[in-house]
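These notes concern the structure reproduced below.
The values are calculated or read from the model by the stated rules, or taken from the named source; none is laboratory data. Because the structure is predicted, anything quoted here is derived from the model rather than measured. Cβ sites come from the backbone with ideal geometry, for glycine too, and all protein chains shown count toward neighbours.
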Amino acid sequence: MSSPPPALHVRTLRKAFGSTTVLDGIDLRVDTGSVFALLGANGAGKSTTVRILTTLLPYDSGTVEVAGLALPAHTRTVRERIALTGQYAAIDDVLTGTENLRLAARLAHLPSATIDSRVHDLIERFDLGHVADRRAGTYSGGTARRLDIAMSLVASPRVLFLDEPTTGLDPRSRLVMWQVIRELAADGVTVFLTTQYLEEADRLADRVAVLDAGRIVAEGSPDELKSLVPGGHLELRFATEPDLARAAAVLDGDSDHATLTLEVPTDGDLPHITALLNRLADEGVPVEKFGLHSPTLDDVFLTLTGTSDRKKVSP
């Protein structure tokens with residue numbers, strides 16, 4: 001059986017504002033039903049990319065296909081197949097949650113006979129029943145975000161763009177949003193996520209692309225990206241300074257005398273870790289505590305991006 005066409009396919013996409021190049025020939029492929037995260041510092045070109053993919057901004061060159069259709073030739077039909085949730089909730093504070101959803105349904109041209117059931121389903125799905133008849137202006141940030149995404153899903157889009165959806169949310173609300181995104185992907189919705197929270201991409205995304213100064217500098221699964229960056233180490237803690245000194249004589253690593261720890265490079269492979277510990281045991285060096293530290297997406301981001309050394313460009 002042949003695989004379905006990608007939900008998004010971008011090739012050699014370029015965009016400039018005047019003499020400033022914002023996107024410099026990027027390529028992206030997002031599989032249908034997956035969660036794809038685009039990472040980048042402020043000014044890297046994330047929001048520009050989203051604006052182009054959601055038909056809000058023309059591009060200079062390259063090819064762009066969204067939900068199986070080429071842009072700009074099929075702009076109107078693409079808009080019927082996608083939804084966008086921006087960095088800030090686009091809800092009417094004066095209306096209740098139910099009224100906001102009904103408004104979104106009418107704007108999406110849903111048949112009148114189906115609006116009530118669709119609104120009811122979304123209220124139930126996003127756990128909004130207890131606030132559905134309250135003005136949206138009284139909602140907490142997390143609840144407003146849930147309503148915002150519910151409004152985006154009124155017309156059952158094939159692709160949902162989430163542009164930094166958890167900006168400004170407290171940790172508990174962020175966890176709730178992560179669960180919502182997982183459920184959407186499980187239901188077959190393709191989610192294109194931009195974020196500056198590296199843990200968010202690590203937990204949610206099937207694939208991640210790192211955008212730096214208008215170029216994709218790395219792409220792959222979170223684990224594939226983390227494997228590109230050295231820095232995995234075994235941290236060994238000792239009870240006394242003499243024990244630390246003896247361990248440092250046995251193993252090559254960096255000693256921290258203030259914390260009585262020794263960091264020994266490792267790829268995290270179990271046989272290698274076992275061999276390191278056995279060498280200490282053979283020399284009679286007692287280890288008080290040890291832990292494995294693997295590279296994170298933060299390490300990937302800091303290693304692969306050079307935005308601190310380059311002129312920032314506004315999206």
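Which is surrounded by fewer than 17 Cβ atoms within 10 Å (Cβ to Cβ) and acidic (Asp, Glu), of 267, 212, 202?
The unique qualifying residue is 267.
If you take the residues in region 220-236 that are surrounded by 19 or more Cβ atoms within 10 Å (Cβ to Cβ) and more than 11 Å from residue 295 (Cα to Cα), which one is modelled with the lowest pLDDT?
Per the criteria, the residue is 234.
What are the pairs with Cβ atoms under 8 angstrom where one residue, in region 226-245, is within 19 Å of residue 273 (Cα to Cα) and the other, located anywhere, is exposed (fewer than 14 other Cβ atoms within 10 Å of the Cβ) and basic (Lys, Arg)? Sequence gap at least six, or different chains.
236/289; 237/289
Do we find that residue 148 is in the same structural domain as residue 169 (by TED's automatic domain parsing) and surrounded by fewer than 21 Cβ atoms within 10 Å (Cβ to Cβ) in this structure?
no
What about residue 41, is it crowded, with 17+ Cβ neighbours inside 10 Å and either in contact (Cβ under 8 Å) with a residue 60 or more places away in the chain or in the same structural domain as residue 163 (by TED's automatic domain parsing) (or both)?
yes
Only one residue in 201, 186, 239 is of a type in the set (Gly, Ala, Ser) and in contact with a helix residue (DSSP H, G or I) (Cβ under 9 Å, 6 or more places away or on another chain), so which one is that?
201
Of all residues in region 155-176, count the ones that are touching a helix residue (DSSP H, G or I) at 6+ places or on another chain (Cβ under 8 Å), within 19 Å of residue 104 (Cβ to Cβ) and not charged (D, E, K, R).
Here the count works out to 7.
Could you check region 175-287 for strands (runs of 3 or more DSSP E) lying wholly inside it with 1 or more residues that are in the same structural domain as residue 82 (by TED's automatic domain parsing), closer than 30 Å to residue 165 by Cβ and of a type in the set (S, T, N, Q)?
So the answer is 190-195.
To keep it simple, each residue is scored yes or no on (1) over 30 Å from residue 135 (Cβ atoms); (2) among the hydrophobic types (A, V, I, L, M, F, W, C); (3) at pLDDT 95 or above; (4) surrounded by 15 or more Cβ atoms within 10 Å (Cβ to Cβ).
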{"position": "73", "(1), (2), (3), (4)": "yes, yes, yes, no"}
{"position": "78", "(1), (2), (3), (4)": "yes, yes, yes, yes"}
{"position": "86", "(1), (2), (3), (4)": "no, no, no, yes"}
{"position": "89", "(1), (2), (3), (4)": "no, yes, no, yes"}
{"position": "96", "(1), (2), (3), (4)": "no, no, yes, yes"}
{"position": "101", "(1), (2), (3), (4)": "no, yes, yes, yes"}
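Please specify each residue of region 10-30 satisfying the condition of being surrounded by fewer than 17 Cβ atoms within 10 Å (Cβ to Cβ) and either on the phi > 0 side of the Ramachandran plot or not hydrophobic (A, V, I, L, M, F, W, C) (or both).
Within region 10-30, 11, 12, 14, 18, 19, 20, 24, 25, 27, 29 meet the criteria.
Say we look at region 171-190 and pick out the residues that are within 13 Å of the chain's Cα centre (by Cα) and charged (D, E, K, R); which of these is surrounded by the fewest Cβ atoms within 10 Å (Cβ to Cβ)?
That would be 182.
Evaluate region 85-98: report whether one residue or more is within 17 Å of the chain's Cα centre (by Cα) and part of a strand (DSSP E or B).
Within region 85-98 (the criterion being within 17 Å of the chain's Cα centre (by Cα) and part of a strand (DSSP E or B)), the answer is yes, since at least one residue qualifies.
Quick check on my filter: what residues within region 166-185 are closer than 15 Å to residue 126 by Cα and of a type outside the set (Ser, Thr, Tyr)?
Matches in region 166-185: 174, 175, 176, 177, 178, 179, 180, 181, 182, 183, 184, 185.
Do the conditions hold for residue 65, that is, is it closer than 20 Å to residue 192 by Cα and surrounded by 13 or more Cβ atoms within 10 Å (Cβ to Cβ)?
For residue 65, the condition - closer than 20 Å to residue 192 by Cα and surrounded by 13 or more Cβ atoms within 10 Å (Cβ to Cβ) - is met.
Among the residues of region 111-119, is any under 21 Å from residue 181 (Cβ atoms) and either crowded, with 19+ Cβ neighbours inside 10 Å or touching a helix residue (DSSP H, G or I) at 6+ places or on another chain (Cβ under 9 Å) (or both)?
Taking every residue of region 111-119 in turn, at least one turns out to be under 21 Å from residue 181 (Cβ atoms) and either crowded, with 19+ Cβ neighbours inside 10 Å or touching a helix residue (DSSP H, G or I) at 6+ places or on another chain (Cβ under 9 Å) (or both).
Looking at (1) aliphatic (A, V, I, L, M); (2) surrounded by 15 or more Cβ atoms within 10 Å (Cβ to Cβ); (3) at pLDDT 90 or above, can you tell me which one residue 239 breaks?
So the condition that residue 239 fails would be (2).
How many residues does region 109-124 contain that are in contact (Cβ under 8 Å) with a residue 40 or more places away in the chain and either in a helix (DSSP H, G or I) or within 24 Å of the chain's Cα centre (by Cα) (or both)?
Total meeting the criteria: 0.
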